[in-house]
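As structure tokens, the structure follows; a few thoughts come after it.
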Amino acid sequence: MNLKLLLPLFFLMSVTSAVHPSQINCFGVIGDSISAGFSMVSGSHRTDFIEYRDQAFAIGRKPDYRTLPNIFHDFNPQLNLSESCASNYETLVDYNHRSNQDCNVAISGALSDRLVDMWGDLLFQWNNRNCSRKWKVLTVMIGANDICAYCLTGYNQTISNYMSNVRKLHDQIYRDTQNVFINYVSLFDVSVVMDWQNPKCDIVHILINECPCILGRNRQRDAREKVGALYKDMNRELYPYIKSLDGERDDIIVRIQPILENFQVYNQSYLSTLDCFHPSAFANMVMGTILWNNMFLPEAQKLKNMENLLQLYVPKETDILQ
């Protein structure tokens with residue numbers, strides 16, 4: 001037993017709503033194709049339409065990849081990744097979450113109206129893996145597809161639908177579980193990828209109608225301007241709501257992690273070569289790093305872009321997740 005990892009527990013006994021990284025035993029992810037690791041590794045027909053869940057930034061546990069579970073294990077070798085419900089497999093895009101033994105229930109193409117359904121699948125897995133009473137990290141990253149479809153649902157309706165779905169999710173979480181630290185990834189400017197498109201990627205967007213109002217069959221001339229305003233308006237609604245949850249329960253902690261809020265594409269290595277849209281394997285490593293580092297920074301200091309593959313923050317004995 002590592003005595004250094006026990007020391008923070010004495011510190012935590014006198015602190016309300018405080019979790020040390022050594023207390024985390026299980027993981028979960030709710031989201032869309034980004035969280036599912038869609039087309040992270042691309043370049044051939046055999047690799048393009050695969051979800052690389054074992055490498056996905058917030059839930060993968062493939063050895064030697066900088067993912068959140070692997071980073072937690074690096075700093076707490078006693079963490080049993082095989083029992084943590086982290087992902088260790090790849091899959092085709094469409095599959096049944098309940099038939100698989102992990103806790104990445106992200107659905108490629110999902111809008112925020114799938115949040116409660118995904119939560120049901122995740123709860124099923126946590127219960128099956130004896131995670132219910134253990135401390136868990138849940139990462140929720142949803143909304144990119146809502147933004148991509150803004151011209152079909154309407155600007156203001158997109159915001160109100162999104163916030164209604166987020167509230168329903170958290171109401172359900174508060175009813176169903178305990179001992180969970182929730183990373184809520186804020187919205188980002190999906191239109192930044194527009195400068196990195198090419199004819200091959202355009203074909204993919206049209207064929208599968210990917211991000212319809214920006215890149216697909218319903219693309220709008222003013223998409224960049226509209227999307228640039230929309231994600232900010234959605235975040236203006238999201239931030240105060242998440243803040244309002246602070247302190248409601250000692251055993252459920254919710255924090256916004258703005259890892260992509262000021263995201264810029266610095267070169268092609270950040271994007272899948274299939275569609276010049278989804279994050280690449282390199283980008284996932286950067287996202288995993290920034291998410292980890294942000295979990296030890298106060299709100300005002302949290303990182304909002306992923307320009308570089310940063311060094312990992314080394315937790316102190318008295319550090320808590322935030």
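The values are calculated or read from the model by the stated rules, or taken from the named source; none is laboratory data. It should be emphasised that the depicted structure is a prediction, and the values quoted were computed from it without experimental measurement. Every residue, glycine among them, receives a Cβ derived from its backbone with ideal geometry; neighbour counts consider all protein chains shown.
Looking at ILE214, ILE147, ILE182, which one is surrounded by 20 or more Cβ atoms within 10 Å (Cβ to Cβ), assigned to a strand (DSSP E or B) and touching a residue at least 40 places away in the same chain (Cβ under 8 Å)?
Values: ILE214 fails: assigned to a strand (DSSP E or B); ILE147 fails: assigned to a strand (DSSP E or B).
Going through ILE214, ILE147, ILE182 in turn, the sole match is ILE182.
Considering MET234, MET295, which residue is touching a strand residue (DSSP E or B) at 6+ places or on another chain (Cβ under 9 Å) and touching a residue at least 24 places away in the same chain (Cβ under 8 Å)?
Of MET234, MET295, the one residue that is touching a strand residue (DSSP E or B) at 6+ places or on another chain (Cβ under 9 Å) and touching a residue at least 24 places away in the same chain (Cβ under 8 Å) is MET295.
Given (1) aliphatic (A, V, I, L, M); (2) in contact with an Asp or Glu (Cβ under 9 Å, 6 or more places away or on another chain); (3) without any contact (Cβ under 8 Å) to a residue 24 or more places away in the chain, identify the lone condition not met by ALA300.
(2)
Any chance the range 19-27 includes a residue that's crowded, with 18+ Cβ neighbours inside 10 Å and modelled with pLDDT under 95? Step through it out loud before you land on a result.
Step one: filter the range 19-27 for residues crowded, with 18+ Cβ neighbours inside 10 Å, giving 19-27.
Pick out the ones that are also modelled with pLDDT under 95 and you get none.
Checking the range 19-27: not a single residue is crowded, with 18+ Cβ neighbours inside 10 Å and modelled with pLDDT under 95.
Can you confirm whether VAL15 is closer than 18 Å to VAL180 by Cα, among the aliphatic types (A, V, I, L, M) and at pLDDT 95 or above? Quick ask: steps written out before the conclusion?
Values: closer than 18 Å to VAL180 by Cα: yes; among the aliphatic types (A, V, I, L, M): yes; at pLDDT 95 or above: no.
So VAL15 fails the test.
Could you please let me know if SER132 is surrounded by fewer than 21 Cβ atoms within 10 Å (Cβ to Cβ), of a type in the set (Ser, Thr, Tyr) and free of Cβ contacts under 8 Å to residues at least 12 places away in the same chain? Give the derivation first.
Numbers: surrounded by fewer than 21 Cβ atoms within 10 Å (Cβ to Cβ): yes; of a type in the set (Ser, Thr, Tyr): yes; free of Cβ contacts under 8 Å to residues at least 12 places away in the same chain: no.
No.
Are any of the residues in the range 45-65 polar (S, T, N, Q), touching a residue at least 24 places away in the same chain (Cβ under 8 Å) and not in a loop (DSSP other than H, G, I, E, B)? Even if it seems obvious, please write down each step before you answer.
Restricting attention to the range 45-65, the residues satisfying the condition of being polar (S, T, N, Q) are 47, 55.
Now restrict to residues that are touching a residue at least 24 places away in the same chain (Cβ under 8 Å): 55.
When the remaining residues are screened for being not in a loop (DSSP other than H, G, I, E, B), the result is none.
No, every residue in the range 45-65 fails to be polar (S, T, N, Q), touching a residue at least 24 places away in the same chain (Cβ under 8 Å) and not in a loop (DSSP other than H, G, I, E, B).
Looking at the range 192-211, I want the residues that are on the phi > 0 side of the Ramachandran plot and have a partner that is surrounded by 11 or more Cβ atoms within 10 Å (Cβ to Cβ) with Cβ atoms under 7 Å, at least 6 apart or on another chain. Which pairs are those?
Qualifying pairs under 7 Å: ASN209/GLY216; ASN209/ARG217; CYS211/CYS148; CYS211/VAL190; CYS211/HIS205; CYS211/PHE277.
Only residues that are under 16 Å from ASN179 (Cα atoms) and of a type in the set (Ser, Thr, Tyr): list them for the range 112-163, please.
Result: SER132, THR139.
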